[in-house]
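Remarks on the structure that follows.
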Amino acid sequence: MHLGIIAERNQDWQRAISEYQNAINLDSANAVAKNNLAWIYAEHNGDLNVALRLAQESRRLQPSDPSIADTLGWILVRMNLGQSALPYLKESVTKNPGHAVYHYHLGMAYLKAGKKSEAKSELRAALQAGTPFDGSADAKEALASISKAQ
């Protein structure tokens, strides 16, 4: 697990995948390794179906973890299933309202689900949190396109 985390911090995605897979092979109930591996697949052009399966397994193992709910929801957004992602992403925001990326993910899910007003609110919340996050440029772009369309 620790080697996977180190590889991930160094953006060595192939090594992180290998290390998380090793952790899962040693302990098939390692929810964190499954979640982290699912996230890497979702974010770095991996197989979204594999990512979804891993995230669902992780969720079954740790059903109350907001980061796991976020991963599962974000994968669904990436699969253009925004409406299906909403319950997971709402849960993440509810459990950790100060986490900007959770608001961003929820905003993008609302956008995919055609709920522009809710998307605008969540994307603003993400950007106003004041903490930089991966996807902030996409959040600004999506917010601008919503504002321009209204």
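The values are calculated or read from the model by the stated rules, or taken from the named source; none is laboratory data. This one's a predicted model, so the numbers in the text were calculated from it and none came from an experiment. Glycine also receives a Cβ, built like all others from the backbone with ideal geometry; neighbour counts cover every protein chain displayed.
Does N45 satisfy the condition of being out of contact with any Pro (no Cβ under 9 Å at 6 or more places or on another chain), assigned to a helix (DSSP H, G or I) and not aliphatic (A, V, I, L, M)? No; evaluated as a whole, the condition is false for this residue. The residues in the range 1-15 that are over 17 Å from the mean Cα position of the chain (by Cα) and either assigned to a helix (DSSP H, G or I) or outside the structural domain of L37 (by TED's automatic domain parsing) (or both) can be counted, and the count is 7.
Condition check for H44 on (1) touching a residue at least 24 places away in the same chain (Cβ under 8 Å); (2) buried (at least 18 other Cβ atoms within 10 Å of the Cβ): one failure, at (2). Could you tell me whether A85 is outside the structural domain of N35 (by TED's automatic domain parsing) and in contact with a Gly (Cβ under 8 Å, 6 or more places away or on another chain)? Criteria met by A85.
Considering the range 75-147, the qualifying helices (runs of 4 or more DSSP H), each wholly inside and each with 3 or more residues that are hydroxyl-bearing (S, T, Y) and in contact with a helix residue (DSSP H, G or I) (Cβ under 6 Å, 6 or more places away or on another chain), run over 82-95, 100-112.
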